[in-house]
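Below is one structure, written out as structure tokens; the observations come after it.
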Amino acid sequence: IYPGVRLPIAPHDFNYVFISVSLSRRTSYEKFVLKWCRRIWQRYDGNLEAIASASPLELREVGSSYQIAQLKDMASALLSIPSRLKELSPDLNIPPLTSHLDLLKLKPEEARLVLLRACRYLGPKATDSLILSCFKAPHFIPCDAHLKTLAARLGLTDPSTKMPEKSLCSRYVCREGLIVGVKVCPRVNDCLRSKLMKLGGLGGWFQTLCYIHGSSICKTLAPRCDLCSLRRDCPLSSSNG
């Protein structure tokens, strides 16, 4: 159905991806984030140091949303990771980092824990999006409303399945043995991300396709079943006749 879809693996664009996923929290990517990013590229390019030192007044010229207002703190937190590494990862066996870009040398699961612990406003979805786009980690699954809706409608998960929570994701892993010394999440049997990890290396692909299909066809409130190419295999469409 979507033959042109690709997953980016862009480690050299880490700063740009970090900015875009930080701005994409609880808002429309197409309507707002792209516009904000263009303005930020013009003013700061991908310079996180410049963003971290920008005044609130300067950032308001980019936009007045809370996502932009919080970007300064998020950039500062990311840049501070090397100096705070011992504080952030007492349970992880991570060598010293000289730059935030050294996160790319870690295992994706290790980088996920460090990022969630370091950046106050960065949640599981944004963190997984960053790692999916910058690491070779197609098994990472950014969990959003479209993914939750389609997974339930297609019968892959129960509608009551919970979304990942930062308070848990920053302390635990989804599978035994992913990181030595880090325990498995107590909600492993009731979490969307954990349940869909059975997809393995297809997880990131599945989420991406669910985002595209969910935002255009299989909408949460008003699904367009008459236009859906999956309607013959979809329990929801069958129940609607």
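The values are calculated or read from the model by the stated rules, or taken from the named source; none is laboratory data. Owing to the predicted nature of the structure, the values given are computational and were not obtained by experimental measurement. Methodologically, a virtual Cβ is constructed for each residue, glycine included, from the backbone with ideal geometry; neighbour enumeration extends over all protein chains shown. Accessible surface is based on the protein model in full, side chains and every heavy atom, while ligands, DNA and RNA are left aside. Shrake-Rupley method; radii C 1.70, N 1.55, O 1.52, S 1.80 Å.
When the helices of the chain are scored as -39500 (n - 2.57) per DSSP H run of n ≥ 4 and the total is divided over every residue, the value at 222 nm lands at -13000 deg cm²/dmol. The alpha-carbon of Lys195 sits under 16 angstrom from the alpha-carbons of these lysines, leaving out residues fewer than 8 places away in its chain: Lys125, Lys148, Lys162.
According to the Kirkwood relation over distinct C-alpha pairs, the hydrodynamic radius of the range 104-229 is 15.0 Å.
The C-alpha atoms of the chain define a longest principal axis, and helix 108-118 lies at about 60 degrees to it. At the listed q of 0.21, 0.30, 0.32 Å⁻¹, the Debye profile of the range 65-115, built from one uniform point per Cα, gives log10 I(q)/I(0) equal to -0.73, -1.20, -1.31. Applying the criteria of a DSSP loop state and at most 15 other Cβ atoms within 10 Å to the GluC sites (Glu not before Pro) of the range 4-85 yields Glu61. Shown for the range 130-208: the carbon plus sulfur share of the solvent-accessible area, taken with all protein chains present and a 1.4 angstrom probe, equals 60%.
Solvent-accessible area of the range 1-118 (1.4 angstrom probe, protein heavy atoms only): carbon and sulfur portion equals 53 percent. Taken per residue, the accessible surface of the chain reaches 52 Å², heavy atoms only and a 1.4 Å probe. For the range 70-155, the spread of Cα coordinates along the three principal axes comes to 45, 27, 22 Å, biggest extent given first. Pairs of alpha carbons in the range 128-172 separated by more than 16 Å make up 49% of all such pairs. Working note: Cα atoms of the range 1-108, range along each principal axis, descending, whole Å: 45, 41, 23.
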